[in-house]
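Q: There's a structure below that I have some questions on.
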Amino acid sequence: MDKLLRDKKAICLFLAPGIILFTLVLFIPICQSIYYSLCDWDALSNPEFIGFGNYIKLFTKDTTMQIALKNSIFFMIFSVVSQLVVGLFLAALLTNIKKGRNLFKNIYYLPCVLSSAALGLLWMFIFTPKLGINQVLATWGIEGPLWLMDVSGYITLPMKVIAFVALWQYVGQSMMLYMAQISGIDKSLYEAAYIDGATKTKAFWYVTMPLIRPMMAIAMSLNCIGALKFFDLIFNMTEAGPNHQTEVLATHLYTQGFKYFKYGYASAIGVVLLILCLLVTFFINKFVKVENYEM
């Protein structure tokens, strides 16, 4: 192994597939998107360079962009906080039970592997005014709200509904990450804490929490990036309506690029989305203090 590590040709040979794949699939498309974001381009004619015209229009004249940015930030904050709290609670709960653990793990994780398109249509029917939840409420004499059409409030009801559906679908992923980290903690640490008089709550707070902090940073980064580029549930449940009130950055990008063929403008939205993902990841790594412990 030492001889192999000193062989530069072997190192380059092993690194080459990853570097080539990264360059072709990620680096070159990002560079092209940055260039096209500075152009007026409809994919049928040659790109016309217009500088920062797309960005100026995006932040000064595009009211839909303001709604999309607001909804994306709300969705990101809600996803990070709710999945951290609920995912960690479920992980701690299931780690400490012996009977039925695998059954409940599969139940909570099952929505993660199902098609988001199918789940979006399913929940759309559930929240349809004359079907689903409202039909159940009507049997009790309660008039249900317009779950996917009420546009009152700073954050509209449809956006809140979609956020809760996304929590239901993806909380199992966060739960599995936390369970994997908690399962790797040495049991002797808990035994020592109990001998010193710690309760289960204090053992969780002072033993479990510091040791799973690296996984918390990873899970928060994944949740932030996933929330910012979220698309499928929103598109299938509301198609970013009514009146663009459930627009997020990904749906706005799709609409501009694939409905109106404004590929230069859509590329500008994509670049903004990329910058937001990088900034969020930077702030999480900067402010979530991670210490290494030997377990």
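The values are calculated or read from the model by the stated rules, or taken from the named source; none is laboratory data. What you see is a predicted model; the values in this text were computed from it and never measured. Cβ sites come from the backbone with ideal geometry, for glycine too, and all protein chains shown count toward neighbours. In case anyone asks, the SASA skips ligands and DNA or RNA and just uses the protein heavy atoms, side chains included. Shrake-Rupley method; radii C 1.70, N 1.55, O 1.52, S 1.80 Å.
Q: How many residues does the range 38-59 hold that are among the hydroxyl-bearing types (Ser, Thr, Tyr) and modelled with pLDDT of 95 or more? Give the derivation first.
A: First pass over the range 38-59, keeping only residues among the hydroxyl-bearing types (Ser, Thr, Tyr): 45, 55.
Still in the list and also modelled with pLDDT of 95 or more: 55.
The number of residues fulfilling the criteria is 1.
Q: Additional query: Given the criterion more than 24 Å from residue 218 (Cα to Cα), of a type in the set (Lys, Arg) and outside any helix (DSSP H, G or I), identify the matching residue among 57, 98. Break it down stepwise before answering.
A: Working: 57 fails: outside any helix (DSSP H, G or I).
Criteria check complete, one pass: 98.
Q: For the structure I just gave you, tell me whether residue 30 is within 30 Å of residue 174 (Cα to Cα), in contact (Cβ under 8 Å) with a residue 60 or more places away in the chain and either open to solvent by 40 Å² or more (accessible area, probe 1.4 Å) or among the basic types (Lys, Arg) (or both).
A: yes
Q: Which one is most open to solvent (accessible area, probe 1.4 Å) among residues in the range 246-266 that are over 18 Å from residue 29 (Cα atoms) and of a type in the set (D, E, K, R)?
A: 259
Q: Hey, another quick one. Test each condition in (1) loosely packed, with under 15 Cβ neighbours inside 10 Å; (2) under 23 Å from residue 90 (Cβ atoms); (3) not β-branched (Val, Ile, Thr) for residue 211 and report the one that comes out false.
A: Against the list (1) loosely packed, with under 15 Cβ neighbours inside 10 Å; (2) under 23 Å from residue 90 (Cβ atoms); (3) not β-branched (Val, Ile, Thr), residue 211 comes up short only on (1).
Q: Evaluate the following for residue 217: is it in a helix (DSSP H, G or I), hydrophobic (A, V, I, L, M, F, W, C), open to solvent by less than 20 Å² (accessible area, probe 1.4 Å) and closer than 25 Å to residue 159 by Cα?
A: no
Q: Still on this model: Here are some conditions: (1) open to solvent by 40 Å² or more (accessible area, probe 1.4 Å); (2) more than 26 Å from residue 245 (Cβ to Cβ); (3) at pLDDT below 90. Residue 142 meets all but one. Which one does it not meet?
A: All conditions are met except number (2).
Q: Another question about this same structure. Of the residues that sit in the range 33-50 and are touching a residue at least 12 places away in the same chain (Cβ under 8 Å), assigned to a loop (DSSP other than H, G, I, E, B) and not small (Gly, Ala, Ser), which one is farthest from residue 271 (Cα to Cα)?
A: 44
Q: To continue, here is another question. Out of all the residues in the range 125-167, which are under 21 Å from the mean Cα position of the chain (by Cα) and either of a type in the set (Gly, Ala, Ser) or at positive phi (or both)?
A: Once the filter is applied, which keeps residues that are under 21 Å from the mean Cα position of the chain (by Cα) and either of a type in the set (Gly, Ala, Ser) or at positive phi (or both), the range 125-167 yields 163, 166.
Q: Here are some conditions: (1) outside any loop (DSSP other than H, G, I, E, B); (2) under 28 Å from residue 125 (Cα atoms); (3) open to solvent by less than 20 Å² (accessible area, probe 1.4 Å); (4) of a type outside the set (Ser, Thr, Tyr). Residue 269 meets all but one. Which one does it not meet?
A: (2)
Q: Restricting to the range 181-199, name every residue that is assigned to a helix (DSSP H, G or I) and either open to solvent by less than 70 Å² (accessible area, probe 1.4 Å) or touching a residue at least 40 places away in the same chain (Cβ under 8 Å) (or both).
A: 181, 182, 183, 188, 189, 190, 192, 193 - these are the residues of the range 181-199 that are assigned to a helix (DSSP H, G or I) and either open to solvent by less than 70 Å² (accessible area, probe 1.4 Å) or touching a residue at least 40 places away in the same chain (Cβ under 8 Å) (or both).
Q: Give the residues of the range 230-245 that are closer than 16 Å to residue 269 by Cβ and either in contact with a Pro (Cβ under 8 Å, 6 or more places away or on another chain) or surrounded by 24 or more Cβ atoms within 10 Å (Cβ to Cβ) (or both), sorted by residue number.
A: Residues satisfying the conditions are 230, 234, 240.
Q: Give the range 156-180 a look and list any residue that's open to solvent by less than 70 Å² (accessible area, probe 1.4 Å) and among the polar types (S, T, N, Q), or say none.
A: Selection gives 156, 169, 174.
Q: Among the residues of the range 43-60, is any over 20 Å from the mean Cα position of the chain (by Cα), among the hydroxyl-bearing types (Ser, Thr, Tyr), farther than 20 Å from residue 254 by Cβ and open to solvent by less than 50 Å² (accessible area, probe 1.4 Å)?
A: The answer is no, given that none of the residues of the range 43-60 is over 20 Å from the mean Cα position of the chain (by Cα), among the hydroxyl-bearing types (Ser, Thr, Tyr), farther than 20 Å from residue 254 by Cβ and open to solvent by less than 50 Å² (accessible area, probe 1.4 Å).
Each row is one residue, and each column tells you yes or no for (1) open to solvent by 50 Å² or more (accessible area, probe 1.4 Å); (2) assigned to a helix (DSSP H, G or I).
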position	(1), (2)
80	no, yes
83	no, yes
88	no, yes
94	no, yes
107	yes, yes
129	no, no
154	yes, no
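Q: On the given criteria, is residue 148 more than 30 Å from residue 102 (Cα to Cα) and open to solvent by less than 50 Å² (accessible area, probe 1.4 Å)?
A: Here the answer is yes, as residue 148 does meet what is asked.
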